[in-house]
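Engineer: Have a look at this one before I ask anything.
Since every read-out is calculated from the coordinates, none of them should be taken as a lab result. Everything quoted here is computed from the prediction, not taken from an experiment. Quick reminder, even Gly has a Cβ in these numbers, built from the backbone with ideal geometry, and neighbours come from all protein chains shown.
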Amino acid sequence: MHPGRTTGKGPSTHTQIDQQPPRLLIVHIALPSWADICTNLCEALQNFFSLACSLMGPSRMSLFSLYMVQDQHECILPFVQVKGNFARLQTCISELRMLQREGCFRSQGASLRLAVEDGLQQFKQYSRHVTTRAALTYTSLEITILTSQPGKEVVKQLEEGLKDTDLARVRRFQVVEVTKGMLEHVDSASPVEDPSNDESSILGTDIDLQTIDNDIVSMEIFFKAWLHNSGTDQEQIHLLLSSQCFSSISRPRDNPMCLKCDLQERLLSPSLLAGTADSSLRMDDPKGDFITLYQMASQSSASHYKLQVIKALKSSGLCESLTYGLPFILRPTSCWQLDWDELETNQQHFHALCHSLLKREWLLLAKGEPLGPGHSQRIPASTFYVIMPSRSLTLLVKAVATRELMLPSTFPLLPEDPHDDSLKNVESMLDSLELEPTYNPLHVQSHLYSHLSSIYAKPQGRLHPHWESRAPRKTGQLQTNRARATVAPLPMTPVPGRASKMPAASKSSSDAFFLPSEWEKDPSRP
């Protein structure tokens, strides 16, 4: 692995990807629900981190911490760098699997609040103690609470319990309710936001409420959203349209329309994963694939990358063999620096464009701006793209070949009448195949998760030899020989007249825990 190398030629893309915030996951699932959710959650986390830790190029996740809240709160994993830490994350998941699944206990209402406060305190101390260049950008974090209780009740509980807590460093607060029903249609396995969720006026911040099904695929998809570039500081793409193309959108001829868009990946490139079929041609290798639109937008000298629409195409007039590279999705921007009127107008124009393209059965041919002026004696090369509409409020963008890239090919016409015996044999074979109306990638598994896990995992026995012979922990029983949070834990229940003290030896041990590891000193190392 070469995490210090950029994914593509040219300047580094760290400014686009490394802005992903640290994430604090609090699992708030009481007995007996934990017995039904534990296996799916642990499998989804294992699969997700096998990807997140294995991706080459700039890190898509910075820090991660995990708490468990049942009868009391417990830090299962203090904040750690995600990249290059799969073995430690796997150990954390193994610890989750060992939590008690049966029995009952009296739930303490303050445990969830204490977990949030302890996580915030831990994050502040981590930011002060780790002084690497990358750590200086960790100014805020996202908190996700995964709960089996009714989500609205958890939101009200948080609003009341945290009203006196400083949440200035919380970038996003999310409550995700795990529903009891199993997934019926895998092709629609995505988190659902609750439209009735009101803003939290008590906390001064919004608490997003979502629901996901209790199955591995739904949880995987939720966690994979963490790999997206979710920054909203500025729009990423300016799509420039000539008024001559669309009569339904009235604009002065000398003033082209500019749609401000955000860019989103449709899928992960296999070339970024070790051991896959395409890993021999990595995108961070000069001999590898062409530079992608995502990378070009990251490397643009301006604050945004421009796509100039130059003509329209009939949908039936594009040969699929002329497109290359990974597709990308354009959405109306959600940049917070734009005022509400501009955001609304921009979304309305984007909607009108999608509608008009579908109605006319058109595609758009667009020219991307060059990466830079280059030397005075050199003319910078441009890249061309086709923009395809969809039934959703998105546009699909794919790079398209130009004359310089074409190789000679011959395509003889298909004879009208094939040989009778051959036709019968082939049709008999085709009739025996199962016919699906659409291709659903969620139904197709390549065993990539297990392959990546076997590459980057360390044997559990070498990390914690005592685990194999250890019985599952009982509720409330804490491990004393396992690393806890990077801060002194908050008291579980206040005891009147008794002041808590940290022994000198314990204090020095806590300070030693803050010493950054070799990888944290240099995040570019594997």
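Engineer: Can you figure out the FRET efficiency of residue 264 with residue 160, using R₀ = 30 Å and their beta-carbon distance, to the nearest 0.05?
Structural biologist: Computed FRET efficiency for residue 264 and residue 160 comes out at 0.25.
Engineer: Moving on to the next point. Sort 442-453, 153-164, 73-84, 398-409 by the packing proxy (mean of other Cβ within 10 Å over each peptide's residues), most packed first.
Structural biologist: Details: 442-453: 13.6, 153-164: 16.2, 73-84: 22.5, 398-409: 11.3.
My ranking of the peptides, most packed first, is 73-84, 153-164, 442-453, 398-409.
Engineer: Any chance you could run the full-extension gain for residue 242 through residue 434? It's 0.36 nm times the residue separation minus the Cα-Cα distance, nm to one decimal. Each step should come with its number before you reach the end.
Structural biologist: On the way: separation 192, 0.36 × 192 = 69.12 nm, distance 4.62 nm.
Taking residue 242 through residue 434 to full extension adds about 64.5 nm, to one decimal.
Engineer: OK, next. Gain in length, residue 414 to residue 168, computed as 0.36 nm per residue apart minus the alpha-carbon separation, to one decimal in nm? If you can, show how the numbers build up before the last one.
Structural biologist: Working: separation 246, 0.36 × 246 = 88.56 nm, distance 6.70 nm.
Gain in length upon complete extension: 81.9 nm.
Engineer: Still on this structure, I have one more. Test of understanding: what is the full-extension gain from residue 348 to residue 319, defined as 0.36 nm times their sequence separation minus their Cα-Cα distance? Don't skip to the end; give the middle numbers.
Structural biologist: Working: separation 29, 0.36 × 29 = 10.44 nm, distance 3.08 nm.
Between residue 348 and residue 319, full extension yields an extra 7.4 nm.
Engineer: Next question, about the same structure. Set the Förster distance to 25 Å, then compute FRET efficiency between residue 98 and residue 455 from the Cβ-Cβ distance, nearest 0.05.
Structural biologist: Values: r = 24 Å, r/R0 = 0.98.
That gives a FRET efficiency of 0.55.
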